[in-house]
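Q: The following block contains the structure, expressed as structure tokens.
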Amino acid sequence: MDRRPLERVRSPWTRDADHDLEICGTPAACWRRNVRDGRLTVLVALEPAGWHLSISHAGHGGRPTRYPAWDEIADARYVLLPDDVTVALILPPAGEYVALHDTTFHLHEIAPDS
């Protein structure tokens, strides 16, 4: 079965080169997309361990208001990362969990057979 996670018309992802940055010495590209209730921001980096995508949502006032929806996460993954990689949202043991930003999810590249 050929299922696509997204079928709705969406605003495009636009590169915000003014907010590209380095994370631990690795260049990260910043992408943004307007949504009904605010804006999504994505940082994409090819780190030594593989691809890393961070996605967050902020309301129209610029404050975090909700988590990104599954379709928004899937859209960012399929538009902004190479199709031939497998990424996962990883939940470590509770004692190792760190959440620095309230409405941000992180996807990390994993080996396809993991």
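Q: What's the longest piece of the chain with no exposed trypsin sites (Lys or Arg not before Pro), counting a site as exposed if DSSP puts it in a loop and it has at most 11 other beta carbons within 10 Å?
A: Between the exposed loop sites, the longest stretch runs 37-114.
Q: If R₀ is 25 angstrom, what is the calculated FRET efficiency for the pair A94 and A49, using the beta carbon separation as r and rounding to 0.05?
A: 0.70
Q: Still on this model: Report the convex hull volume per residue for the chain, counting only C-alpha atoms, in Å³. Please list the in-between numbers first.
A: Working: hull volume 15.3 nm³, N = 114.
Given the Cα convex hull of the chain, per-residue volume reads 135 Å³.
Q: Charges on Cβ only, +1 for Lys and Arg, -1 for Asp and Glu, centred on the Cα centroid of region 14-110; of N34, S56, A76, which one is farthest towards the dipole's positive end?
A: The residue sitting farthest along the positive end of the dipole is N34.
Q: Related question: Could you check the simple spin-label distance between Y78 and A111, using points 7 Å along Cα→Cβ, in nm with one decimal?
A: Going from the Y78 label point to the A111 one covers 2.8 nm.
Q: Does anything in region 38-52 have its amide N under 20 Å from the 7 Å Cα→Cβ label point of R10, and if so which residues?
A: Residues 38-46, 51-52 fall inside that zone.
Laboratory data are not the source of any read-out in this text; all were calculated from the coordinates shown. Being a predicted model, the structure only gives us computed values, none of them experimental. Note that each Cβ is placed from the backbone with ideal geometry, even for glycine, and that neighbours are counted across all protein chains shown.
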